[in-house]
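The values are calculated or read from the model by the stated rules, or taken from the named source; none is laboratory data. Keep in mind it's a predicted model, so treat the numbers as computed, not measured. Ideal geometry is used to build each Cβ from the backbone, glycine not excepted, and the neighbour counts take in all protein chains shown.
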Amino acid sequence: MCGIVGYIGPREAYPIIVEGLKRLEYRGYDSAGIALFDGKDLKVSKTKGKVADLETRSEKEITKYGSVGIGHTRWATHGVPNDVNSHPHISNSGELVIIHNGIIENYESLKKELISRGYTFKSDTDTEVLINLIEDVKKQENVKLGKAVQIALNQVVGAYAIAVFDKNKPEEIVIARLGSPLAIGVGEDEFFIASDASPFLEYTKNAIYLEDEEMAIIRFHKGIKIRKIKDDSLVDPYIQKLQINLEQIEKGGFDHFMLKEIHEQPKAITDTYRGRLLRHEAIIKMAGIEDNMKKFLNADRIIIVACGTSWHAGLVAEYIFEDLARVPVEVEYASEFRYRNPIITEKDVLIAISQSGETADTLAAIKLAKSKGAFVFGVCNVVGSSIARETHAGAYTHAGPEIGVASTKAFTTQITVLTLIALRLARAKGTISSSDFRHHLLELEMIPKKVEEALKSDKHIQKISETYKDTSNFLYLGRGYNFPVALEGALKLKEISYIHAEGYPAAEMKHGPIALIDENMPIVVIATKKGHYEKVVSNIQEIKSRKGKIIGIVTEGDVQVKELADHVIEVPETLESLSPLLTTIPLQLLSYHIAVMLGKNVDQPRNLAKSVTVE
Ligand code: M6R
């Protein structure tokens, strides 16, 4: 939540910061702002709205020169999104400037204290409190900016990634993190600061990821010093070589990132199982599992924690793990799990699923499980993310960067990794026969081709979308493996088109939701051949007799549902356990087209952010 960019070096900072903010807009887009030192003075421009609005505003407001600067794109927490609450924030003296991602939880008591000492505040933000606290410490203790930041942060409760500079000492930027990501791009005598590496990829592939409770003082011509915020000890900077390219984070000819990412799924799924699924040798090889096989085999149960779409992937995994590997699984919302005093023992394995690897609740659930002695395994997409580092072991999804706020390829690749793990455990436990195991490998290997097939229904789905785009409600129904897909389909529609949608297990319909059904209610029913087909057909009959409009997701060649439904969308046949990888595709396309037709901002839906680093 919130994107941070900074630059210090010989180039003009403005274009680097503005282009960087555009790449980070997925993190929040309520407002945007920039602060530059133009050689003489501090120039600040900020506005409610997007980075494009900032460009228009800064055109009139500031000279865009200067080779030191910081910029911010905001997802509002404290204070409504308006010009005044936008970052950067300046201290009372006008000398210090800050951008911040996170929440200072004790800001009210700090603010009262500062007000009693004569400080005044323009905004409602916790960030303005922090910059004045830093200023106060700097004056009271007569210390340099870095020290003042460190002392102030030791008084703060909450989460932050910050970048601060002093207009009287503009050759230095101070940054710090706790709970929100921060990377430093290391160029030749120049440094970039960003919430992720995307803003500086075209300038350097050398990156340092700050760890929690670390701060860095970045000096032009002099380099970087990293310290622990708490005990002031020096940390050796570890420079990583980044493997991602600029093309991977651009739209590549598609109208939206979401559409690009939907179409990337065949490749993403292949990348996920490449080198792990060795069909000819009839084995699955995953280092994180092999190295910790005993933990998995001795586990009393597996607890899966996640949020949003990742939680839906966890639900699919529950079916696969229990079905194939015969191990009890509990799937928990990370936000509930962390606060409900759960029973966790050393014989539990906790699997945390997260695309971003930064979700605050999931991270907290991991820490809790670790403190109780559980073995914690991460399934993340973002390499080097906080969750990837906090877990004992893990497996990356290798989906490539996902920029669209609505998760698509993250979901299918998470299911792919989890399926590989379930199969590997099933083999080790002997709960799957050798021929069944080989059959699963073969079918899984064929999924990317089948996803390509499923994507061919795009035009047909576009027509269906046209028919239902003005509806206010949708129901999504599925059974077994496809119940979580119904939840995911409803979430996709809600988050990008703002149409109310609910997902239900098909059989639960008659325990309540059936009351909603009339001739105006579209109901998407996942009714693939394998998996309780006849039962789902009965549910469809029940809908039909109440005049609901039925959109059936069916297996190629289906006859029965075709006769009952108003529309059908076909997907290729596969194993029941793998069917979510195919049935998800038309639901992603349906929500995408409806949102586009309604003129919604598909990649940046209102009120959302890609990476939820606040609880
Ligand atoms: O990065 P994570 O997978 O931990 O994110 C979890 C959710 O915030 C995320 O899946 C969210 O629900 C998406 N917007 C769904 O499309």
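Things to note:
- Test: residue in the stretch 30-38 that is touching a strand residue (DSSP E or B) at 6+ places or on another chain (Cβ under 8 Å), under 17 Å from Ser180 (Cβ atoms) and in contact (Cβ under 8 Å) with a residue 40 or more places away in the chain: yes
- Check on Ile366, more than 14 Å from the chain's Cα centre (by Cα), within 16 Å of the ligand (Cβ to nearest atom), in contact (Cβ under 8 Å) with a residue 12 or more places away in the chain and part of a strand (DSSP E or B): no
- For the stretch 216-247, residues that are under 20 Å from Gly9 (Cα atoms) and of a type in the set (Asp, Glu) total 0.
- Of all residues making up the stretch 284-308, the number that are polar (S, T, N, Q) and either within 27 Å of the chain's Cα centre (by Cα) or under 27 Å from Val485 (Cα atoms) (or both): 1
- Among the residues of the stretch 342-363, those that are more than 13 Å from the ligand (Cβ to nearest atom) and farther than 23 Å from His398 by Cβ comprise Pro342, Ile343, Ile344, Thr345, Glu346, Lys347, Asp348.
- Helices (runs of 4 or more DSSP H) lying entirely in the stretch 222-341 (those with 2 or more residues that are closer than 30 Å to Val174 by Cα and within 16 Å of the ligand (Cβ to nearest atom)): none
- Unique match (being away from the ligand (no atom under 16 Å from the Cβ), surrounded by fewer than 20 Cβ atoms within 10 Å (Cβ to Cβ) and not polar (S, T, N, Q)) among Lys600, Lys547: Lys547
- Looking only at residues in the stretch 520-534 that are closer than 17 Å to Ser465 by Cα and surrounded by fewer than 24 Cβ atoms within 10 Å (Cβ to Cβ), the one that is nearest to the chain's Cα centre (by Cα) is Pro522.
- Residue match in the stretch 341-360 (condition: closer than 17 Å to Leu425 by Cβ, out of contact with any strand residue (DSSP E or B) (no Cβ under 6 Å at 6 or more places or on another chain) and not β-branched (Val, Ile, Thr)): yes
- Which listed residue is closer than 23 Å to Lys370 by Cβ and either exposed (fewer than 15 other Cβ atoms within 10 Å of the Cβ) or among the β-branched types (Val, Ile, Thr) (or both), from Arg340, Arg326: Arg340
- All of Ser433, Ser538 fail the test of being of a type in the set (Ser, Thr, Tyr), over 21 Å from Ala406 (Cβ atoms), surrounded by fewer than 23 Cβ atoms within 10 Å (Cβ to Cβ) and modelled with pLDDT of 95 or more, apart from Ser433.
- Test for Asn607: is it within 16 Å of the ligand (Cβ to nearest atom), surrounded by fewer than 18 Cβ atoms within 10 Å (Cβ to Cβ), farther than 29 Å from Lys267 by Cβ and under 30 Å from the mean Cα position of the chain (by Cα): yes
So that you can scan it fast, the table gives a plain yes or no per residue for (1) more than 21 Å from Phe437 (Cα to Cα); (2) of a type in the set (Phe, Trp, Tyr); (3) surrounded by fewer than 19 Cβ atoms within 10 Å (Cβ to Cβ):
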position: Glu281; (1), (2), (3): no, no, yes
position: Arg301; (1), (2), (3): yes, no, yes
position: Thr309; (1), (2), (3): yes, no, no
position: Ala317; (1), (2), (3): no, no, no
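- Total residues in the stretch 382-401 satisfying the condition of being in contact (Cβ under 8 Å) with a residue 40 or more places away in the chain and not small (Gly, Ala, Ser): the figure is 7.
- Given (1) within 17 Å of Ala506 (Cα to Cα); (2) within 31 Å of the chain's Cα centre (by Cα), index of the condition Val602 fails: (1)
- Looking only at the stretch 372-421, and only at residues there that are part of a loop (DSSP other than H, G, I, E, B), of a type outside the set (Asp, Glu) and touching an Asp or Glu at 6+ places or on another chain (Cβ under 6 Å), the one that is farthest from the ligand (Cβ to nearest atom): Gly373
- For Thr431, the conditions (1) in contact with a Phe, Trp or Tyr (Cβ under 7 Å, 6 or more places away or on another chain); (2) of a type outside the set (Asp, Glu); (3) not in a helix (DSSP H, G or I) are fulfilled apart from (1).
- Sub-8 Å Cβ pairs linking a first residue in the stretch 226-251 that is at negative phi to a second residue that is part of a loop (DSSP other than H, G, I, E, B) and among the acidic types (Asp, Glu), at least 6 apart or interchain, are Ile226/Asp236; Lys228/Glu213; Ile229/Glu213; Lys230/Glu213; Val235/Glu211; Leu246/Glu202, ordered by first then second residue.
- Listed by first and then second residue, the pairs with beta-carbon distance under 7 Å, at least 6 apart or on different chains, first residue in the stretch 402-422 and under 18 Å from Val383 (Cβ atoms), second acidic (Asp, Glu) and assigned to a helix (DSSP H, G or I), are Glu402/Glu261; Lys409/Glu261.
Here's the yes/no breakdown for (1) more than 21 Å from Phe37 (Cα to Cα); (2) modelled with pLDDT of 90 or more; (3) not in a helix (DSSP H, G or I):
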position: Leu54; (1), (2), (3): no, yes, no
position: Glu59; (1), (2), (3): no, no, no
position: Lys64; (1), (2), (3): no, no, yes
position: Gly71; (1), (2), (3): no, yes, yes
position: Ala76; (1), (2), (3): yes, no, yes
position: Gly79; (1), (2), (3): yes, no, yes
position: Val84; (1), (2), (3): no, yes, yes
position: His87; (1), (2), (3): no, yes, yes
